[in-house]
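The values are calculated or read from the model by the stated rules, or taken from the named source; none is laboratory data. Everything numeric in this text was worked out from a predicted model, so none of it was measured. Cβ placement follows ideal geometry from the backbone for every residue including glycine, while neighbour counts extend to all protein chains displayed. To get the accessible areas, we keep the full protein, side chains included, count just its heavy atoms, and leave off ligands, DNA and RNA. Shrake-Rupley method; radii C 1.70, N 1.55, O 1.52, S 1.80 Å.
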Amino acid sequence: MDVTSILHNLNAPQEQAVTSDKQHLLVLAGAGSGKTRVLVHRIAWKIQVDNVSPYGILAVTFTNKAAREMRERIDELLGMSLRGMWVGTFHGLAHRLLKSHWRDAKLPENFQILDSDDQLRMVKRVMRSMDLDEQRWPPKQAQWWINGQKDEGLRSAHIQEGGDLYLATMLRIYRGYEETCERLGVIDFAELLLRALELWKHNPSVLEHYQQRFKHILVDEFQDTNAVQYAWLRLLAGKVSAVTAVGDDDQSIYGWRGAKVENILSYERDFPDTETVKLEQNYRSTSNILLAANAVIAKNAGRLGKNLWTDAGEGEAIALYSAFNEHDEARYIADRLHSWSNEGNRREDAAILYRSNAQSRVLEAALLQAEIPYRIYGGQRFYERLEIKNALSYLRLMLNCHDDVAFERVVNVPPRGIGERTLELVRELARDNVTSLWSAAVAMVTEKRMAARATNAIAAFIELVNEMSGQLDELPLAEQADNAIQHSGLISMHRREKGERGQARVENLEELVGACRNFEAEDRDLPVLPQFLDQVALDAGDRQADEDQDAVQLMTLHSAKGLEFPLVFIAGMEENLFPHKRSLDESGQLEEERRLAYVGITRAMEKLYLTFAETRSIYGTESFNSVSRFVRDIPKEVIEEVRIQNTIARPTSYAAGAMRSDQGDETGFQLGQQVNHNVYGEGVILNFEGNGPRARVHVSFEDVGTKILILASANLAAV
Ligand code: ATP
Ligand code: MG
């Protein structure tokens, strides 16, 4: 392994940064200029040329995925696998420290981590015990406030008593919350960082151990470190360690979570003997994409100022699609993706980015319908949780006892003495008779094919499901769900579970009942439960692509940081959505939105699509927004407007509909066809969803907007 290969494919300033022998290094540069690349090569350089032991290196990345990739890239450069080097996120590293030093950190050995939902629930519980009115003091706000304090390194004891009622109340909640967490031995995300910092502050010998060990510390995405992370870094570095920080002030997008872009400015002061390197050549994107990104970010004041250029050539224009509504937008994107993979490209080279998580549901539905595998990046969603899946399985069985997946899932949950051996017999009989598991189970009971105990257990389960489904038509949906979680014994099973998890599961089950209460059936004439389950199936992630399947990536703009894709869609380029309406009152926040737009645009390597919808239903309301100011800031020369929606009135040429035409034929209707409904009047067919008796149709009505109807019962007439 020779030195030249580490320096291979680096330009002059990149090489300067990789080989710098000043104690500290700061690389300040725009998107796609090779910051992460410099970090990786610098680590390889240290190990290979300066003979630094991997054991003495700590690298901080922004996501766990980035950490894995970094390790792989270094292994590849060095041609061997590294052990001993620590690579991870601030949170991951803090967790690792606390696990090793739980006693010094004053934690129980098996402390549990609260995710954001768990934390909110805990805050609610504390507030309830204080008899605080949730209307007046929204728990989310209290959660926000608490995390904000922690991000600044402040415990409740550090905060002055007094102040106005608001502050006094928040402080009271914070105190109660701290006590409860302490008592239960659980910690939230912000706490991980703060604890790890305090661990070092209060235990000099522990700190010294790590200071001795990590002589080289490298941090990617430095612009998004918060006060606690920065303090942690300084403490660890002490006077002797060498610190490398790479970042881009224009990509600071976590100000709302306490990140301080000012840390970049403090760096040269706090870490004397720093070499600062700027990188200006972008290697990622075409010049059209870069031009757009530069134009958008140019509107921000107070930038450190950078000049990004590329010699990659113009590339294609940026496509701008003005959709009729969010369904049309999603279908357009699905259609483009369809062509993309038909042209022989990999789906995983394409990403759909959006400002708000709530946008993903409609996009997902369109991808499912177009049978395009996709993966959502990060986060476990409500309907993916174990207890919710169990509860839904009961509901599914109530509706259709021959649902084998649901049967398998809950036949012995909660445990009712149906063992694996008994189940195997049931499966065998079902296979032999080519029936459902349910029918096989019924047969086994009536024919008494098993030992008495097993027979009784199965019989009890059958009776339970029969009883619940018997009431199906009489009860409102929420009561059906409530019945299911009560009678099945699910809720009491979780009540008996000890600790936070059990409590969280009980509350999730209760939330499910709440979701049922709020559910509005699209068709009041049809039974509501199947409609609800359909909706959930669309919402749930279980139709997401498998790990190793080639799949399109969906993620929020925030989680796209540091990544790159040949093909990028940014959906929902509308005022009030992006920039988010919360940000419009404050210029600081608007600047952060603008940086987020810059991050989004600069993810694209070859082709960028921006889409917006003229009307959009989101968060349960319909809105009419104009196109985002960020789109208007992009020079006209690099934008190409796509005008498909004009052809809605001329269905035969409706491009996005072409791939659906088979289904259209089956239903007797075509996309774009003019139809009449006896209540809603005249409208145009925008989309079909599902098939068989539950097939649905999206119709945009002239008077009442878009409705989704069950095709079989909508009685649509061609006009
Ligand atoms: P971001 O700000 O988005 O995190 P970055 O500055 O970290 O971007 P990298 O991800 O390191 O940029 O690099 C962007 C792309 O350019 C990568 O695909 C990388 O391999 C490529 N690249 C960087 N430098 C060079 C170079 N000197 N020669 C060829 N390709 C390069
Ligand atoms: Mg990077």
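When Phe624, Phe701 are compared by accessible area at a 1.4 angstrom probe, the order from most to least is Phe624, Phe701. Counting only the Cα atoms, segment 236-376 fills a convex hull of 187 Å³ per residue.
As a ratio to 2.2 N^0.38 Å, the alpha-carbon radius of gyration for segment 384-529 is 1.09. For the chain, the longest principal axis of the C-alpha atoms and the axis of helix 437-446 are separated by about 50°. Normalising the average separation of contacting C-alpha pairs (under 8 angstrom, six or more residues apart) by the number of residues puts the relative contact order of the chain at 15 percent.
Nearest 10 degrees, 0 to 90: what angle lies between the long axis of helix 420-433 and the longest principal axis of the chain (Cα atoms)? Here the helix axis deviates by roughly 60 degrees. Checked against a 19 Å cut-off, the cross-linked pairs Lys124/Lys389; Lys22/Lys278; Lys278/Lys306; Lys22/Lys215 give Cα-Cα distances beyond that limit for Lys124/Lys389. Sorting Ser360, Ser81 on solvent-accessible area from highest to lowest, probe radius 1.4 Å, gives Ser81, Ser360.
Taken about its Cα centre, the chain carries a charge dipole of roughly 2060 debye when the Cβ of each Lys and Arg holds +1 and the Cβ of each Asp and Glu holds -1.
Ranked by the mean number of other Cβ atoms within 10 Å per residue, highest first, peptides 589-597, 673-681 order as 589-597, 673-681. Surface composition of the chain: carbon plus sulfur atoms contribute 48% of the solvent-accessible area (1.4 Å probe, protein chains only, all chains present).
With protein chains left intact and a 1.4 Å probe, residues in the chain average 45 Å² of accessible area per residue.
Binning the C-alpha pair distances of segment 116-184 at 10 Å intervals from 0 yields a P(r) profile of 21, 60, 19, 0 %, listed from the shortest bin outward. Between helix 189-202 and the chain there is an angle of about 30 degrees, using the helix long axis and the longest principal axis of the Cα atoms. Candidate cross-link partners of Lys581 among the lysines, defined by an alpha-carbon separation under 24 Å and a same-chain spacing of 8 or more, comprise Lys140, Lys260, Lys299, Lys561. On the principal axes of its alpha-carbon atoms, the chain has extents of 81, 63, 61 Å, going from largest to smallest. For the chain, the residue among His338, Val27, Gln211 whose Cα projects farthest onto the positive side of the dipole built from Cβ charges is Gln211.
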